[in-house]
């Protein structure tokens, strides 16, 4: 090992004052010590290189790659949301976003950046702490001119090298909350969402669909972000471009919505609270869906501040609630057609069965009033539907019993989710003996059946549910899954195996509601036979559903469900007018939508007319000439 | 004498030296391509060429003559160091250089040679079997004065390179184990106290040596980037084109203090082993000249040189792999720079001078 070479030494006896050969020989051990030390030093050094270069070269070559390759995300534009004719409902606007590179973040820079971007420092700091190994994070979208100027003037290596401007896309929603609940909105993925299994591939700072179609079809709409890769030097200067990965834009979503109908429905609900849904009962296409009060999704896009968010989320009017699928209210008299069908099918009544309505009736020692104080007199099923006689249906309910009612209601979809392609649909409630036993461990009291028979009591529905139920009846007892994606094939959920004459009896009753001086007469159209049924959800009287009350106001909610034409209906519309007091107040809303549908159809059939007369503006609800009479309440 | 010097030079030592110099020049060329130091490689060739001449001249010169005048050399060194402090050129925040014409000379580099001679002279004169405390204190005193002056520049790295000269001298003169233990004890006790007297940047360097990830963009940067460069080299190296750490500026000074990082990145573990073997041979060849030296003084000179070279390699290469703190001392014969290159060649000249006079006649 140690190189101890012995050169031939010339023995010499010469003397010199410096000659200390013997002494020098004694140093042999010390020199050997030095040589061993040298060997140890070199082993120490080589083992250092061994560890870095042979044992973990990958760790360091990756680190070197991270050093030299700077990749900035190329954000994929989200797919547009279109109506059934391809008209754009939700679009994207190109803008710039501010991105921070984790490796270069200096904490002392953050207050200045937060300040310039109008962000809350603590929120920003928390976000950056949560980044983990994520290399970059977008902290601000849609930069203003001033903010862009700040970034551009501070971006260079000597100032704030962590900042990068990237092109991004800002979601553009219609103004004034138009169709807001259907399309939903996008926002930054939250911490709790990041922990969910379906968001496994998502990262902090990603924009995702938070509600409505944006959420339901997020994976189709979002596209795949690309990456621009450049070679940079230690000062962050670009040396040359590397192979980049292009962004794949998100797929456009073509919806079943009809913008014309949606516009009419929005206008009809102006200033009101409640919901309107229009759908084609033949295939489940949802043509329009409105919920009021609405919110402006444009405020939500991207990175909403915590303050703005709480403000909207805690509004007691619950503007974020999509009442069309999330309200849970007693259907009131809109439930009666189902009762009539159940009665006829079960044979407890036939088309000629009469009951006498003196303005109320007693069951199980309780007096149940009819809404018409002086009574309907002798009344059979057709008039009972069109006049909405409570006493008649008390008797039908008494004869059927709750479980028979529940059987037919279930076929019509009451108490079931419709399965519409929107998140957070509510189920509603259809009471039965089993339902009550399961929920309260109590027996069903026969008296409760009497309330359910007129759509009060424990039975609750969402507007979409009752629309689907009655629309399906009108379409010949076929129930299609309501859907908003035009590319989705119609899905037949259930088919009622009913006697055609029974069905016809019920439909003609509903025709009477509109056309024979019933409560829905305001829905009459000159050219089309409209059928429908009004209803009132008694806010104060509901017992099990008090929790679902929509507001502190105790005024009743008005319902109307209509469809047309009577034979083979093409369109069914529901209107829920919260605190609308009387059921007829919901009728003009539905009428406007139905009229708009058939006007458009006529225009398309005969373009000549369309050119001469532009589509009539929907009539504002306040100016309805056919003012309902006091006796018309149901 | 001149021709004899040529014939009887330590040719193996010279071959190893020139091999290392060649590696150095190539590496300087590759590392500084397209940087503001792109002309450093041919300057280095000039330094090497002139260094070779100095080495040859010094080898013809009897080292005893130098030893006899070493007191004057020492006095001159101290004066020069004081002058450097007073009127030196400030570069990178410290005054280490004296301007001589268009050249800047780092005085502290040449003081090493004087110290090697002085320690050799003192020990040879004392002719002691083992050192006693007063002897050790005397030695520490004469080495300590220039050390403190260089430390004051401030140039902790170079001042530390005086320590191995002292340590080698003490070791070679003979030291009792008891003394050695006591000295080590003193060292352990004084280190924390000494830490207080360090400059903030020196403290940062020490802290970042212990924990480089604490502030990866600050003082730990050099260590981290150097380790990345070394690791990026892998077994066979990235070659001159793919060595991104070197060429994209992530290595702080790829042609001077961190030249071995960039060498390791471009030539990999294989290249590193070859280079280190060359250094090992260099040191061993110097040690061999110590063994054949005609007298104690010659032995002490060679061992001083060997110890100094070993220390340089240990601290510089150790720093490159993160096993030593960043002190900023160059790698002999590889790092670009005139003062260090010349001082190494002068030391090798001394070694050859000892060698040429190994036959006492």
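The values are calculated or read from the model by the stated rules, or taken from the named source; none is laboratory data. None of the values given here were measured: they were computed from a predicted structure. We place every Cβ from the backbone using ideal geometry, glycine too, and count neighbours over all the protein chains shown.
Computed quantities for the displayed model
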read-out: Given (1) in a helix (DSSP H, G or I); (2) within 15 Å of the chain's Cα centre (by Cα); (3) more than 7 Å from chain A (Cβ to nearest Cβ), index of the condition residue B:314 fails; value: (3)
read-out: Hey, residue B:282 buried (at least 23 other Cβ atoms within 10 Å of the Cβ), more than 7 Å from chain A (Cβ to nearest Cβ) and at pLDDT 95 or above or not; value: yes
read-out: Hits in the stretch A:281-294 (condition: buried (at least 23 other Cβ atoms within 10 Å of the Cβ) and in a loop (DSSP other than H, G, I, E, B)); value: A:281, A:284
read-out: Top-ranked residue in the stretch A:18-28 [being at pLDDT below 50 and in contact with a strand residue (DSSP E or B) (Cβ under 9 Å, 6 or more places away or on another chain); ranked as farthest from the other protein chains (Cβ to nearest Cβ)]; value: A:21
read-out: Members of the stretch A:188-202 found to be within 14 Å of residue A:130 (Cβ to Cβ), part of a helix (DSSP H, G or I) and within 16 Å of the chain's Cα centre (by Cα), listed by number; value: A:193
read-out: Helices (runs of 4 or more DSSP H) (entirely within the stretch A:366-448) containing at least 3 residues that are farther than 26 Å from residue A:531 by Cα; value: A:433-440
read-out: Any hit, the stretch A:218-236, residues being touching a helix residue (DSSP H, G or I) at 6+ places or on another chain (Cβ under 6 Å) and away from chain B (no Cβ under 14 Å); value: no
read-out: Every pair of residues 6+ apart whose Cβ atoms lie under 7 Å, when the first sits in the stretch A:587-615 and is over 16 Å from residue A:267 (Cα atoms) while the second is modelled with pLDDT of 75 or more; value: A:598/A:525; A:598/A:527; A:598/A:528; A:600/A:260; A:609/A:602; A:609/A:603; A:610/A:603
read-out: Residue ranges of strands (runs of 3 or more DSSP E) in the stretch A:51-168 with at least 1 members within 14 Å of chain B (Cβ to nearest Cβ) and in contact (Cβ under 8 Å) with a residue 40 or more places away in the chain; value: A:69-74, A:88-101
read-out: Any hit, the stretch A:468-476, residues being touching a residue at least 12 places away in the same chain (Cβ under 8 Å) and not in a helix (DSSP H, G or I); value: yes
read-out: Residue list for the stretch A:232-259, filter: within 29 Å of the chain's Cα centre (by Cα) and either at pLDDT below 80 or crowded, with 17+ Cβ neighbours inside 10 Å (or both); value: A:247, A:249, A:250, A:253, A:254, A:255, A:256, A:257, A:258, A:259
read-out: Criterion (within 14 Å of another protein chain (Cβ to nearest Cβ), over 45 Å from the mean Cα position of the chain (by Cα) and over 30 Å from residue B:322 (Cβ atoms)) met by exactly one of A:31, A:46; value: A:31
read-out: Criterion (in contact with a strand residue (DSSP E or B) (Cβ under 6 Å, 6 or more places away or on another chain), closer than 28 Å to residue B:326 by Cβ and either part of a helix (DSSP H, G or I) or modelled with pLDDT of 90 or more (or both)) met by exactly one of B:84, B:104; value: B:84
read-out: Complete set of residues in the stretch B:218-244 that are modelled with pLDDT of 85 or more, facing chain A (nearest Cβ under 9 Å) and surrounded by 22 or more Cβ atoms within 10 Å (Cβ to Cβ); value: B:225, B:227, B:228, B:229, B:230, B:231, B:232, B:233, B:238
read-out: Those residues of the stretch A:148-174 which are touching a helix residue (DSSP H, G or I) at 6+ places or on another chain (Cβ under 6 Å) and closer than 20 Å to residue A:111 by Cα, in sequence order; value: A:150, A:160, A:161, A:162, A:163, A:165
read-out: Helices (runs of 4 or more DSSP H) contained in the stretch B:125-185 and holding at least 1 residues under 16 Å from residue B:112 (Cα atoms), within 14 Å of chain A (Cβ to nearest Cβ) and in contact with a helix residue (DSSP H, G or I) (Cβ under 7 Å, 6 or more places away or on another chain); value: B:162-173
read-out: Residue count, the stretch A:56-81 (criterion: more than 28 Å from residue A:129 (Cβ to Cβ) and out of contact with any helix residue (DSSP H, G or I) (no Cβ under 9 Å at 6 or more places or on another chain)); value: 1
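Results for (1) within 22 Å of residue A:281 (Cβ to Cβ); (2) at pLDDT below 90; (3) assigned to a helix (DSSP H, G or I), shown as yes or no for each residue.
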{"residue": "A:479", "(1), (2), (3)": "yes, no, no"}
{"residue": "A:539", "(1), (2), (3)": "no, yes, no"}
{"residue": "A:543", "(1), (2), (3)": "no, yes, no"}
{"residue": "A:576", "(1), (2), (3)": "yes, no, no"}
{"residue": "A:581", "(1), (2), (3)": "no, yes, no"}
{"residue": "A:591", "(1), (2), (3)": "yes, no, yes"}
